[in-house]
Amino acid sequence: MSGGGRASARETIGRVAAGAIAKKLLKTFFNTEVLAWVDQVQHIKASVNQEQLTLEQIESNIVRCPDQATAKQMITLIEEIRKQGDTVGGIVRAIARGVPAGWGEPVLDKLEADLAKALLSLPASKGFEIGSGFAGTLLKGSQHNDPFRSDDQQSVYTTTNNSGGIQGGISNGMPITLSVAFKPVATIVPEQLTVNTDYENTTLTGKGRHDPCVLPRAVPMVQAMIALTLADHALRHQALQSSSSSYRT
């Protein structure tokens with residue numbers, strides 16, 4: 001009950017440890033890289049070049065935002081919120097580069113569905129978007145469709161990536177791009193209204209150490225859950241390919 005319960009972010013330590021192994025597996029055998037960063041804190045939004053983004057840029061400041069100027073604004077805002085005894089939320093964005101085409105399933109175990117399940121299982125996560133997400137609802141099909149092209153007659157790519165690297169539940173070879181929204185932490189210093197175990201109206205005041213913003217700490221968790229999900233689908237794909245080949249033989 002005192003900070004170590006099942007809703008505490010402390011339970012994610014096992015996920016992050018396993019995610020480190022999954023990231024190494026993905027990089028070693030598939031040359032797949034998973035990166036996540038703080039893209040937005042409340043109303044402050046970063047500008048990030050995803051194609052040239054590196055882990056070093058993400059880890060260059062305490063808020064884990066690769067946009068240095070915006071990171072300073074985020075830190076200032078978080079400090080102001082902390083002094084008020086309050087909390088603030090935001091968005092972690094992620095990209096998985098080098099994901100081969102073919103990972104995923106067409107119906108129940110769609111790759112984006114498994115990613116959503118994994119990321120929404122994280123403490124304080126409240127929203128998930130992949131590719132264009134909700135912004136895609138403002139486009140027409142002719143604007144949103146990702147045209148397929150080939151320059152070398154051996155590989156296929158899309159000129160846009162509104163689908164976020166996944167189509168029909170299966171990776172298409174383009175980078176997987178997604179976002180996860182994290183709410184403000186519920187425990188705050190100012191007094192809040194609540195009800196006790198006798199159904200009586202009362203108040204509650206938070207005590208102890210609590211983060212004013214979980215976003216920087218959530219970045220490794222997001223990377224881990226994406227890596228674990230991709231590694232799972234990579235192994236499943238390998239198994240299917242092996243069994244299919246054995247059957248044909």
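Tabulated results
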quantity: Which listed residue is of a type in the set (Asp, Glu) and either part of a strand (DSSP E or B) or exposed (fewer than 12 other Cβ atoms within 10 Å of the Cβ) (or both), from ASP151, ASP146, ASP114, ASP109; calculated: ASP151
quantity: Residue, modelled with the highest pLDDT, within segment 193-249, restricted to residues that are surrounded by 13 or more Cβ atoms within 10 Å (Cβ to Cβ) and over 26 Å from the mean Cα position of the chain (by Cα); calculated: LEU204
quantity: Residues within segment 11-64 that are closer than 19 Å to GLY89 by Cα and not aliphatic (A, V, I, L, M), tallied; calculated: 10
quantity: Subset of segment 176-203 (residues that are assigned to a loop (DSSP other than H, G, I, E, B) and over 27 Å from PRO123 (Cβ atoms)); calculated: ASP198, TYR199, GLU200
quantity: Number of positions in segment 166-175 that are in a strand (DSSP E or B) and in contact with an Asp or Glu (Cβ under 9 Å, 6 or more places away or on another chain); calculated: 3
quantity: Test: residue in segment 149-161 that is within 23 Å of ASP39 (Cα to Cα) and over 20 Å from the mean Cα position of the chain (by Cα); calculated: yes
quantity: Any hit, segment 48-71, residues being touching a residue at least 60 places away in the same chain (Cβ under 8 Å), farther than 17 Å from PRO220 by Cα and not in a loop (DSSP other than H, G, I, E, B); calculated: no
quantity: Hits in segment 155-187 - residues which are modelled with pLDDT of 95 or more and aliphatic (A, V, I, L, M); calculated: ILE166, ILE170, MET174, ILE176, LEU178, VAL180, ALA181
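The values are calculated or read from the model by the stated rules, or taken from the named source; none is laboratory data. A quick note: this is a predicted structure, and the numbers were derived from the prediction, not measured. A quick note on method: Cβ atoms are made from the backbone with ideal geometry, for glycine too, and the neighbour counts reach across all protein chains shown.
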